[in-house]
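Have a look at the structure below, then the notes.
The values are calculated or read from the model by the stated rules, or taken from the named source; none is laboratory data. Note that the coordinates shown come from a computational prediction; the quantities given were computed from them, not determined experimentally. Note that each Cβ is placed from the backbone with ideal geometry, even for glycine, and that neighbours are counted across all protein chains shown. What goes into the accessible areas is simple: the full protein's heavy atoms, side chains included, and nothing from ligands, DNA or RNA. Shrake-Rupley method; radii C 1.70, N 1.55, O 1.52, S 1.80 Å.
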Amino acid sequence: MKVSLSCPECMRLKEELLTFMAELRFKNDCTYELKCPNGHEFKANILYHEFQKLFEIGVTSLADEYYREAVCAFAASYERFMELFVRVALRSHSVDASLEVLIWKKVARQSERQLGAFLLLYSLEFKAEPQTLPDDLVNLRNKTIHQGYFPTKEESIKYGKEVLGRIREAISRLYASDRHRDAFIRSINDQGDFSDSGLWMTFYAYSLIGTNRPPEQDTKSFKEMLEDASKARATAQG
C-alpha cells in the first residue's frame, strides 16, 4: 500500500518537504516505524480495518493473476467484515468490551457460526434480511479453500464484486443509523496503538472500501479498483 504521510520532525523544523509517499506492507497490526526522506524516524498508526486490508490484497492478487489467492482474500475479508458488524451492533447496545471479546471467541473458529451471528444481529438491528452471497459463490469459496480448487479469472472477479456489494450494502445501513454510525466510525481506532510509549502519529488511510467517509463518496467500482491495481503494478515493474 502507498500512503501519504507527514513527518512530525519536518513539520517542527518547517522543512520544505512536509509530506511524502511511503510504500508499506500490510501486517497484523497497524503500527509502523517509519523514516522520512530527510532521515527522521518516527512511529505512526496507519489505520486499516482487517477486512479492508484483505479486500485490497484480493484486488492486488487479481491484478497479479493469482486467482486462488484473490478468492481466499475476498472470503476472509467478508468474514472479518461480519465480525466488525457484530462488534458494532453489540457496542450500540452498550455491551461491555470484555463481553464482546468473549462472545466473539465462541464463534470465531467456524465461518458458519460467524455468518449466523451476522444474519441474526442484522435482522434484529434493521428488521430486514441482509444480502448474502448466492449459493454458487459460497460453493466456490468452499471448493477454493477446502478442496484446492483453482478458480478462473472470471470466477474470481465475480466473487470479488459480490463481496464488495454485500459489504457496501451493510455499511450503508450502519452509516444511515443514528444508533450505529458513531460506533462504526470509531471502530477504526481499535486497530491502533494509542499508548504513551514513544511519539505516535495517526493516519487514516484512504482504503478501497471506506468506513470513515459517507457511503455516497465511496463510488469506485470493482472494475476501476482492478484497473488501478493493474496500472500500479505496471508502473512499479516498468
Could you check how many residues of region 135-153 are part of a helix (DSSP H, G or I) and on the phi > 0 side of the Ramachandran plot?
0
For region 179-209, what are the residues that are in contact with a helix residue (DSSP H, G or I) (Cβ under 7 Å, 6 or more places away or on another chain) and among the small types (Gly, Ala, Ser)?
ALA183, SER187, SER207
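Conditions (1) surrounded by fewer than 20 Cβ atoms within 10 Å (Cβ to Cβ); (2) under 13 Å from GLU125 (Cβ atoms); (3) modelled with pLDDT of 95 or more; (4) not aromatic (Phe, Trp, Tyr), marked per residue:
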{"residue": "ASP135", "(1), (2), (3), (4)": "yes, no, yes, yes"}
{"residue": "ASN139", "(1), (2), (3), (4)": "yes, no, yes, yes"}
{"residue": "ASN142", "(1), (2), (3), (4)": "yes, no, yes, yes"}
{"residue": "THR152", "(1), (2), (3), (4)": "yes, no, yes, yes"}
{"residue": "LYS158", "(1), (2), (3), (4)": "yes, no, yes, yes"}
{"residue": "LEU164", "(1), (2), (3), (4)": "no, no, yes, yes"}
{"residue": "ILE167", "(1), (2), (3), (4)": "no, no, yes, yes"}
{"residue": "SER177", "(1), (2), (3), (4)": "yes, yes, yes, yes"}
{"residue": "PHE184", "(1), (2), (3), (4)": "no, yes, yes, no"}
Evaluate the following for SER94: is it without any contact (Cβ under 8 Å) to a residue 12 or more places away in the chain, surrounded by fewer than 21 Cβ atoms within 10 Å (Cβ to Cβ), more than 15 Å from the chain's Cα centre (by Cα) and over 30 Å from THR202 (Cα atoms)?
no
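Only one of ARG109, ARG12 is in a helix (DSSP H, G or I) and either open to solvent by 30 Å² or more (accessible area, probe 1.4 Å) or assigned by the TED database to the domain that holds GLY160 (or both). Can you tell me which?
Details: ARG109 fails: in a helix (DSSP H, G or I).
Going through ARG109, ARG12 in turn, the sole match is ARG12.
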Just one of (1) of a type outside the set (Gly, Ala, Ser); (2) assigned by the TED database to the domain that holds ARG113; (3) more than 15 Å from the chain's Cα centre (by Cα) trips up PHE20, so point out which.
(2)
